[in-house]
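Q: Please find one structure pasted underneath; my questions will follow.
The values are calculated or read from the model by the stated rules, or taken from the named source; none is laboratory data. What you see is a predicted model; the values in this text were computed from it and never measured. Glycine gets a Cβ as well: all are built from the backbone with ideal geometry, and neighbour counts include every protein chain shown.
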Amino acid sequence: MTGAFPDLRRHAPAAARNRDPIAAVVLPRLAPGAHVLEVGSGTGEHVVHLAALRPDTRWQPSDPDPACRESIAAWTAHTGLANVAPPLDLDVRIAPWPVERADLVLCCNLIHIAPWHCTAALLRGVGRLLGAGGELLLYGPFKRGGAHTAPSNAAFDAALRRQDPGWGVRDLDEVALLAAANGLSFVEAVPMPANNLCAVFRAVSRKAEPGAGA
């Protein structure tokens, strides 16, 4: 409780561990004044950490979960950051997205805990949103060439699929093919702690063809 009001901030232990490695990849890619959309902001801990490090940029968090949006708003109020906008109710499957501009889209730990069609919808939406040269950064575990990169990722994948058969660690090659169909070219995969990757894609066309990646 904070005074007479509940503290709506949520905490994800992994966020404290991975926020600085993520910042090391994201922040150097941002020009002054850049607008960043975070898809699936969750607790909001990532967005306030990154925004505090780059007060010259604008950050738009989003999440389809009302409780997560409450947490994001609470973290923003707690930090007093003026460069974080109120969180949007953004479900990647629902077009058009309620955002008009982004120079970079960040999405952490989403595509493995959602059905594959959500990855397709995410890439369609990003392909429509980003102008040429804009970037998408996907953080999380990935397969490479159809194989897991570590035994721990294989065990995690099995646990996810037991929870929901539509979930699972995605193959980066398959993600890159689907991204390319939506005007997003694979740039690099940056190794991250705990056998994760930060996969970087760059928009090479203004928007994808309607229906690409459906």
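Q: Taking the stretch 58-68, which residues are closer than 13 Å to residue 34 by Cα and in contact (Cβ under 8 Å) with a residue 40 or more places away in the chain?
A: Across the stretch 58-68, the qualifying residue is only 60.
Q: Just need a number here: residues in the stretch 56-110 that are among the charged types (D, E, K, R) and under 19 Å from residue 11 (Cβ atoms).
A: 4
Q: From 10, 17, grab the single residue that is surrounded by fewer than 15 Cβ atoms within 10 Å (Cβ to Cβ) and basic (Lys, Arg).
A: Just one listed residue meets the conditions, 17.
Q: Okay, moving on. So which of 49, 35 ends up being closer than 24 Å to residue 190 by Cα and in contact (Cβ under 8 Å) with a residue 40 or more places away in the chain?
A: Of the residues listed, the single one that is closer than 24 Å to residue 190 by Cα and in contact (Cβ under 8 Å) with a residue 40 or more places away in the chain is 35.
Q: Pairs please, first residue from the stretch 132-157 and on the phi < 0 side of the Ramachandran plot, second anywhere and of a type in the set (Ser, Thr, Tyr), Cβ atoms under 8 Å, 6+ apart in sequence or on different chains.
A: Listed by first residue and then by second, the contacts come to 132/205; 141/149; 142/149; 143/149.
Q: Continuing with the same structure: On the basis of being modelled with pLDDT of 95 or more, more than 13 Å from the chain's Cα centre (by Cα), part of a loop (DSSP other than H, G, I, E, B) and charged (D, E, K, R), does residue 69 make the cut?
A: So residue 69 does not fit the description; no.
Q: Would it be correct to say that residue 85 is out of contact with any His (no Cβ under 7 Å at 6 or more places or on another chain) and exposed (fewer than 13 other Cβ atoms within 10 Å of the Cβ)?
A: no
Q: Looking only at the stretch 168-180, which residues are touching a residue at least 40 places away in the same chain (Cβ under 8 Å) and closer than 14 Å to residue 154 by Cβ?
A: Matches in the stretch 168-180: 168, 169, 170.
Q: Could you list, in sequence order, all residues of the stretch 13-49 that are more than 15 Å from the chain's Cα centre (by Cα) and at pLDDT below 95?
A: Within the stretch 13-49, 13, 16, 17 qualify.
Q: Next question. Can you pull out the residues in the stretch 69-105 that are out of contact with any helix residue (DSSP H, G or I) (no Cβ under 6 Å at 6 or more places or on another chain), more than 17 Å from residue 26 (Cβ to Cβ) and touching a residue at least 40 places away in the same chain (Cβ under 8 Å)?
A: Of everything in the stretch 69-105, those that are out of contact with any helix residue (DSSP H, G or I) (no Cβ under 6 Å at 6 or more places or on another chain), more than 17 Å from residue 26 (Cβ to Cβ) and touching a residue at least 40 places away in the same chain (Cβ under 8 Å) turn out to be 70, 71, 73, 74, 78, 90, 99, 101.
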